[in-house]
1. By how many nm would the segment from residue 163 to residue 88 grow when fully extended, if each residue of separation counts as 0.36 nm and the alpha-carbon distance is taken off?
2. What share of the DSSP beta bridges in segment 2-128 is antiparallel, in percent to the nearest 5?
3. Helix 225-238 versus the longest principal axis of the chain: what is the Cα-based angle in degrees, 0 to 90, to the nearest 10?
4. In degrees between 0 and 90, to the nearest 10, how far off the longest principal axis of the chain does helix 35-44 point, with axes built from Cα atoms?
5. Measure nothing fancy, just the Cα-based angle from helix 10-21's long axis to the longest principal axis of the chain, in degrees from 0 to 90, nearest 10.
6. Roughly what percent of Cα-Cα pairs across segment 2-128 reach past 25 Å?
7. Considering Cα pairs under 8 angstrom that are at least six residues apart, work out the relative contact order of the chain and quote it in whole percent.
8. Quick check on the chain: of the DSSP beta bridges with both residues there, what percent are antiparallel, nearest 5%?
């Protein structure tokens, strides 16, 4: 797991570095004194986890996370308790109050490690189910022409009475078909699941689920009660407690 420290306090940075040195399976990819330095690091390399201070000059930790299009996992490290609720609204994995003890640090990092490993396993399974040779291509008639659809790039399918709309990496495609017909086409790909009468989603593009609301590529979709049990079976298989 690749970790980046972002903190304007030299002593705090040194403490976190010492903790990381004592743990296995963690690679420290950089140490930054502010958000601007962290932006530069993230533009150069992939990072799995941010150990991020909140109260920093110019750009605070909260605004830094909001500015990232696809932020890594984050554990906030701060002396201020009043930002805890807001941090979880930003999907923070944990919130460590300074001074941070080693046992508390271990607990937070292990939580991040388990979650990241679960996501990697899910991604591996997805790639296997949608690998070359796994029949990932469909040619669909749309607007009088045959359009190639790569299922790896299909976010979700939206039902529109006698038509369906395919939301993909390359835009939206309208097809004269029914949801049932298209669901049958996807039956051999386990990461496509119907969540209500009008939507089939690719779980690889789901970023979060809260109650009956699912976020897929920035779109908020409702999980119907009829379809919820099937969704929960898949989630439980990959859930981290």
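No value in this document is a laboratory result; all are computed from the given coordinates. The structure displayed is predicted, hence computed values, not measured ones.
1. Additional length available on full extension: 23.1 nm.
2. 0 percent
3. It is inclined by approximately 50 degrees.
4. 50 degrees
5. 60 degrees
6. Above the 25 Å cut-off, segment 2-128 has 19 percent of its Cα pairs.
7. 10 percent
8. That works out to approximately 65 percent antiparallel.
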